[in-house]
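To keep things clear, I will list the structure first and then write my remarks on it.
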There are 2 protein chains.
Amino acid sequence: MEARAPKYHLVMEQIVELIAEQEPGSPMPTERDLAARFATSRTTVRQALAALAADGRIARTQGSGTFVAEPDRVYVHQMTSYSEDLRSQGRQPSSRILEVTHGRALPDVSAALGLEPGGRVHRVERLRLVDGEPLALEVAHLPGRLPRLRAELERRGSLYETLREAYGVTLARAEDVVETGLASPHEAGVLGVDTGAPMLVIRRTAHDADGRAVEYTRSVFRGDRFRFVARSAFDGAEVT
Amino acid sequence: MEARAPKYHLVMEQIVELIAEQEPGSPMPTERDLAARFATSRTTVRQALAALAADGRIARTQGSGTFVAEPDRVYVHQMTSYSEDLRSQGRQPSSRILEVTHGRALPDVSAALGLEPGGRVHRVERLRLVDGEPLALEVAHLPGRLPRLRAELERRGSLYETLREAYGVTLARAEDVVETGLASPHEAGVLGVDTGAPMLVIRRTAHDADGRAVEYTRSVFRGDRFRFVARSAFDGAEVT
DNA sequence: TCAAGAGATTGGTATAGGCCAAATCTGCTA
DNA sequence: TAGCAGATTTGGCCTATACCAATCTCTTGA
């Protein structure tokens, strides 16, 4: 039942010991040095380093080197306002609109929004930052007529505020499905992570008070930094 | 801003097209065949296949081959009983006790439970299965005196039921922190996934009505199958 | 005919090395 | 002294190959 540990995992553990007493920011030996030190190939070292990077324990910069890192965790509580939540942690949230389009919905989107296949939706792609650093890439899909959406959104910043004030759309309830994903090249590029890095994906479907689906949003958070916090009062629920 | 897509990502997309019309269970070309077909190295093909396996779209068996798979998703709602939730989805949940120990808590555990460093805790390691297939590895840490814990737990199956009925411990509220993780060799072995496969990790801290921490549990779910669902009523919360 | 063993096939892991891209350093010139 | 160009360093990506482990198929013997 006990799986044999691959060599790169052992190397990873050795690297953890190596950096245990190092201050965040301090440089580590190069990949080539680590390979010589651990008498292994550079590829094996790279696998070990990738796993540590996925956990935010090291930061790797091409051309510069690999550095010990303190995981800079961001916690977001489900029931609270994202921005207020971050501010209460002393963080500075901001966001940037990357693209706003209007076109046919892909099958998963139209299904989530209860549209007929190929129905038209507005698509808003935003980058979410904390203290100026990218944290998440969010693509919202919104059905219905939303004239001048980009301008209205740029004026207010908040998508929900925009929906409510500019279009009379008020959200009543939402369902978040949390899962893992691997960063696509596009996501990797805008978030400053590697393609294939583990990400925390949240797919939200929100409905208004009449039960109409008014939003389907897929958000991809950096797995090394983001933590989703859900609280519950007990009724015997045993999630685990 | 657009990152160059690594070759393995392109190969992955080609493989997706290749299997788009295939039935789940149907065999795919071998790694060596795919490498020849896409004029690339087997290592690059393997990277592409690993990404698809992480999403549950293919199943890889050493010595046998690689097969198209239908992601067999399991959805668990935060506010409901795990077992009842699964049964309502027509699934058959079960669990198996792997190990029950009593010893010194590691620093993260003692911190989570508000114990002094090295304080003693009971540790219960369980495998969670759905329809006979491993889904999660769960390690619960429980403070206090819990005599004959293993026997009591084996009698009842449910940890919370055991705590309540055998030890008078009733949980009042819990906080779940959801994050990504990579499967350790141990986790990989018991869950039947590869070391390093992306996992959804839920760390739960539960308190009783007096605010005492009575449980700290880390659960590691297969990222290719497990989805954590959280619902909220709106108060302007904008998680994404 | 069935079971066991041998051989073939296929995925799993690792090595050695090459080449490219990003960052940094060094040296030269204005 | 500052800026720029070139060289160097270091991480990022890929190739070719070898070997091992798990599974499947075929052959042989009882």
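The values are calculated or read from the model by the stated rules, or taken from the named source; none is laboratory data. Note that this is a predicted model, so its numbers are computed, not measured. Quick reminder, even Gly has a Cβ in these numbers, built from the backbone with ideal geometry, and neighbours come from all protein chains shown. Ligands, DNA and RNA are stripped out before the accessible areas are found, and what is left, the full protein with its side chains, is counted by its heavy atoms. Shrake-Rupley method; radii C 1.70, N 1.55, O 1.52, S 1.80 Å.
Observations on the model:
- From most to least packed by mean Cβ count within 10 Å, the peptides A:210-223, B:206-219 give A:210-223, B:206-219.
- Evaluated at q = 0.06, 0.07, 0.08, 0.12 Å⁻¹: base-10 log I(q)/I(0), Debye formula over Cα of the protein assembly as shown: -0.29, -0.40, -0.52, -1.23
- Rounded to two decimals, the Cα-based Rg/Rh of the stretch B:185-224, with Kirkwood Rh, is 1.19.
- The stretch B:1-135: proportion of alpha-carbon pairs further apart than 26 angstrom, %: 52 percent
- Residues in the stretch B:17-66 average 60 Å² of solvent-accessible surface per residue, probe 1.4 Å, ligands and nucleic acids excluded.
- FRET efficiency, 1/(1 + (r/R0)^6) with R0 30 Å, evaluated for B:Leu18 and B:Arg87 via beta carbons: 0.20
- Annotation for the stretch A:164-240 versus the stretch A:34-73: alpha-carbon center distance of 29 Å.
- Distance histogram in 10 Å bins (all Cα pairs of the stretch A:78-204, percent per bin): 11, 37, 41, 10, 0
- Alpha-carbon Rg with Dmax, taken over the stretch A:1-76, Å: 12.9, 42
- Computed Rg/Rh of chain B, alpha carbon atoms with Kirkwood Rh: 1.04
- Set of the stretch A:48-88 residues, backbone N closer than 14 Å to the point 7 Å along the Cα-Cβ line of B:Arg173: A:78-80
- Environment charge at A:Arg155 (Cβ cut-off 14 Å; Lys +1, Arg +1, Asp -1, Glu -1): 0
- Excluding ligands, DNA and RNA and using a 1.4 Å probe, chains B and A jointly bury around 5600 Å² of accessible surface, summed across both partners.
- P(r), alpha carbons of the stretch B:36-85 - 5 Å bins starting at zero, rounded %: 5, 17, 17, 18, 12, 9, 8, 6, 4, 3, 0
- Each peptide in B:86-95, B:45-54 was scored by the mean count of other Cβ atoms within 10 Å over its residues; highest first, the order is B:45-54, B:86-95.
- Going from the chain on its own to the full set of protein chains, the stretch B:1-44 has these residues losing 50 Å² or more of accessible surface (heavy atoms, 1.4 Å probe, no ligands, DNA or RNA): B:Met1.
- Against the rule of thumb 2.2 N^0.38 Å, how large the Cα Rg of the stretch B:139-240 comes out: 1.28
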